[in-house]
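Take a look at the structure set out below.
The values are calculated or read from the model by the stated rules, or taken from the named source; none is laboratory data. Bear in mind that the values here come from a model prediction, so they are computed numbers and not experimental data. Virtual Cβ from ideal backbone geometry, glycine too; neighbours counted across all protein chains shown. With ligands, DNA and RNA removed, areas are computed over all heavy atoms of the protein, side chains included. Shrake-Rupley method; radii C 1.70, N 1.55, O 1.52, S 1.80 Å.
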Amino acid sequence: MLERPTRQALPKKLFVKTYGCQMNVYDSERMSEMLAAVGYEAVHAAEDADLVVLNTCHIREKAAEKVYSEVGRLRALKSRRPDMVIAVAGCVAQAEGSEVLRRAPAVDIVVGPQAYQRLPEMLARVERARGGSGIVDVEFRPEAKFDELPAHEGPAGPSAFLTIQEGCDKFCTFCVVPYTRGAEYSRPAAAVIAEAGELARRGAREIVLLGQNVNAWCGEGPDGRDWTLARLIRALAEIEGVERLRYTTSHPRDMSDDLIEVHGAVPALMPFLHLPVQSGSDRVLDRMNRKHRASDYLRIVERLRTARPDIALASDFIVGFPGESERDFEGTMTLVREIGYAQAYSFKYSARPGTPAAADPLQVPEAVKSERLARLQDLLNSQQQAFNRNCVGKRLPILFERNGKRHGQLVGRSPYMQAVHAEAGAARIGDLAEVEILAAGPNSLSGGSPAI
Ligand code: 5AD
Ligand code: SF4
């Protein structure tokens, strides 16, 4: 009998490019895991890929526009390899939907951050309809996403992200998030505890809880009571293998008493908090609809420092918000001087379509924005350097996450989120060990061999 030749299906190649925040990093990991289960192997360059996923960010104009230039580059590749599939995921997909296909016809799939669990079906549809028009799925059901995603598989890195909350109800007047990621949604405590346990079993020692407004997390606990983030953190700290916990990003309005208290009570909760203030002027904070004053923020920081004296603070700032005067900007500089930040992100205001501030007639000229940004960044950089220099001579516990550029070097993170380069000695990736800090650079520290 003649044997029919069997065609061994080669693994398909997947390249995911991630823009924006850690929530996109988490989503990219989940997409890669899910696609691995249906035969896609990760590669490091679009040139080698059968499927390219761009997981996009819509927060500022520059971030959103990058996607279109990237699709332009991919279109050239696709003209040589017509089987290549291009998917645009993330917040640009959610915000622009079928407009993405109109502006970039080379795109095959537009998939929102709440719909990517259906990517395998969408890929099958694209294969069946080769040359047809693109597919758009931006349905919004966060609970369905988390329920339908397959469980994690394979080893986890020493530090793992875990999304516990999505969306935002705050409606700051500059921000697209309430439109791109929808209303606040908190995952149930039991699901979060189960996923954290799974990550710890797969080797994670640090878990970073993620949410656009993570400290607004609330949900029914396994005991049937209403839990806050503080209660959840206490439960997660009990999980075997979980040695470090962090949460990001928070809103000052949701820094509740119990959450401030937990910083002093749970040693696994790392002494570093990203708490964006955006501006130090009450007038601007009001126009931004932040719903707090500069003095409220200062008071929260004071209370955090009472609970955990070594806590390091980070923030986001926007300069040149519509109507911001020189005096308002000085208010921001004063607040920064008063707090003393370990780290910060600062941006020029970028008008986003559909947000209230974009229609404000009092837009600040670009040159003024640039000049203020430079002054603010000078101050923030000098504070970051001072914070780093202050660590020299201390012994800090470092969680090693990856190999360094030089042979025999490991890179890890201090409790305060600084990257630390150390001589590996007997230490391995995944070890949590004390390192003496020998030198400080602007963005990282270096240390001796870890004490194992
Ligand atoms: N322009 C500039 N920066 C912005 N951010 C959010 N929206 C805008 C905008 N329209 C910044 C805020 C936020 C961070 C994630 O991005 O500082 O905290
Ligand atoms: Fe945007 Fe404000 Fe919500 Fe943060 S709190 S995601 S800045 S609307």
Residue span Glu366 to Asn289: 0.36 nm per residue of separation minus Cα-Cα distance leaves a gain in nm of 25.5 nm
Non-local residues with an amide H under 5 Å from the amide H of Phe161, with H modelled 1.01 Å from N and Pro and chain starts lacking one, are Val208
Placing each pseudo-label 7 Å from Cα in the direction of the beta carbon, Leu149 and Ala351 end up separated by a distance in nanometres of 3.6
For the chain, any Cys whose C-beta has no other cysteine C-beta under 4.7 angstrom counts as unpaired, and these are Cys21, Cys57, Cys91, Cys168, Cys218, Cys391
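State in Å² the accessible area per residue of the chain; use a 1.4 Å probe, count heavy atoms of protein chains only, and round to the nearest integer. Before the final figure, lay out each step's value.
On the way: 20670 Å² over 452 residues.
I get 46 Å² per residue for this part.
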Carbon plus sulfur, as percent of the 1.4 Å-probe accessible area of segment 1-158, comes to 51
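Exceeding 32 Å between C-alpha atoms, which entries from my cross-link table qualify? They are Lys62/Lys405; Lys13/Lys145; Lys12/Lys348.
Where the Cα-Cα span goes over 32 Å, the pairs concerned are Lys12/Lys348.
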Percent relative contact order for the chain, counting Cα pairs under 8 Å at least six residues apart, stands at 9
Scalar couplings 3J(HN,Hα) for segment 260-273 by Karplus 6.51 cos²θ - 1.76 cosθ + 1.60 (θ = phi - 60°), nearest whole Hz, x for Gly and Pro, are 4, 4, 5, 5, x, 9, 10, x, 5, 6, 5, x, 8, 9
Counting only protein heavy atoms with a 1.4 Å probe and every protein chain in place, the carbon and sulfur fraction of the accessible surface of segment 194-325 in whole percent equals 45
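Considering every pair of different Cα atoms, what Kirkwood radius, in Å, is found for segment 245-303?
Mean inverse Cα-Cα distance, inverted, gives 12.3 Å.
Let me spell out the model: positive unit charges on the Cβ of Lys and Arg, negative unit charges on the Cβ of Asp and Glu, origin at the Cα centre of the chain. What dipole size does that give, in debye rounded to 20?
Values: 58 positive and 59 negative charges, 214 e Å.
Charge dipole, the chain, about its Cα centre: 1020 debye, nearest 20.
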extent check for segment 164-231: Cα max minus min per principal axis, descending, whole Å, gives 41, 28, 17
Between the alpha carbon centres of segment 386-432 and segment 36-68 the gap in Å comes to 30
Taking R0 as 56 Å and r as the Cβ-Cβ distance between Glu326 and Arg406, the FRET efficiency 1/(1 + (r/R0)^6), rounded to the nearest 0.05, comes to 0.75
Calc'd 3J(HN,Hα), segment 32-39, phi into Karplus 6.51 cos²θ - 1.76 cosθ + 1.60 (θ = phi - 60°), Hz, glycine/Pro = x, comes to 5, 4, 5, 6, 4, 5, 10, x
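What does the convex hull of the alpha-carbon atoms of segment 404-448 project to on average, in nm²? Intermediate values should be presented prior to the final figure.
Details: hull surface 12.3 nm².
Result: a mean projected hull area of 3.1 nm².
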Under the 7 Å Cα-to-Cβ spin-label approximation, Arg202 and Ser79 lie apart by a distance in nanometres of 4.0
Projected area averaged over all directions for the convex hull of the alpha carbon atoms of the chain, nm², comes out at 25.7
Here the alpha-carbon Rg of segment 293-345 over 2.2 N^0.38 Å rounds to 1.23
The farthest towards the positive end of the charge dipole of the chain, of the residues Pro188, Val214, Val138, given +1 on Cβ of Lys and Arg and -1 on Cβ of Asp and Glu, is Val138
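Based only on Cα atoms, what Rg/Rh ratio does segment 306-452 have, Rh being taken as Kirkwood's radius? Can you show the working numbers first?
On the way: Rg = 19.5 Å, Rh = 17.4 Å.
Value, to two decimals: 1.12.
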Here, Lys62 and Ala45, labelled 7 Å along Cα→Cβ, have an inter-label distance in nm of 2.7
